[in-house]
Amino acid sequence: GIEVGHIFYLGDKYSAALGAKVQSKEGQNIVVKMGCYGIGVSRLIGAIIEASHDDKGIIWPASVAPFKAIIINLKSGDAE
């Protein structure tokens with residue numbers, strides 16, 4: 001498989017240092033827990049290409065295609 005994203009639990013390492021708190025139902029101020037996430041755009045593109053290609057090249061799924069275009073050969077039998 002390919003890792004295209006990640007999630008990390010940061011706990012209160014940064015929120016405690018910044019004094020970030022919320023009030024609990026009991027009225028106590030508690031330090032918030034933090035997490036972070038990210039998506040690797042270049043990894044995501046690589047995964048799409050790996051899943052959507054043939055011997056002629058990339059077949060972009062419509063949902064991520066950079067352009068919507070159709071190429072039609074008007075001269076039958078001519079590869080150019």
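For this structure, a couple of remarks:
- Scope segment 1-44; condition in contact with a strand residue (DSSP E or B) (Cβ under 9 Å, 6 or more places away or on another chain), of a type in the set (Ser, Thr, Tyr) and not in a strand (DSSP E or B); matching residues: 14, 15, 24
- Residue 14 vs. criteria over 18 Å from residue 61 (Cβ atoms), within 11 Å of the chain's Cα centre (by Cα) and of a type in the set (Phe, Trp, Tyr): no
- Checking segment 64-71 against the condition returns a match, with at least one residue being touching a Phe, Trp or Tyr at 6+ places or on another chain (Cβ under 8 Å), in a loop (DSSP other than H, G, I, E, B), modelled with pLDDT under 95 and within 30 Å of residue 1 (Cα to Cα).
- Among residues that are modelled with pLDDT under 95, among the hydrophobic types (A, V, I, L, M, F, W, C) and surrounded by 13 or more Cβ atoms within 10 Å (Cβ to Cβ), residue 4 is included.
- Residue within segment 22-40 that is in contact (Cβ under 8 Å) with a residue 40 or more places away in the chain, in contact with a Gly (Cβ under 9 Å, 6 or more places away or on another chain) and among the basic types (Lys, Arg) present: no
- Hits in segment 48-63 - residues which are surrounded by 10 or more Cβ atoms within 10 Å (Cβ to Cβ) and assigned to a strand (DSSP E or B): 53, 58
- Entry remark, segment 37-47: residues being modelled with pLDDT under 95 and either small (Gly, Ala, Ser) or surrounded by 11 or more Cβ atoms within 10 Å (Cβ to Cβ) (or both) number 7 in total.
- Considering residues of segment 24-45 that are within 27 Å of residue 64 (Cβ to Cβ) and hydrophobic (A, V, I, L, M, F, W, C) only, the residue farthest from the chain's Cα centre (by Cα): 36
The values are calculated or read from the model by the stated rules, or taken from the named source; none is laboratory data. Remember, predicted model here, so these are calculated numbers, not experimental data. Every residue, glycine as well, gets a Cβ built from its backbone with ideal geometry; the counts of neighbours run over all protein chains shown.
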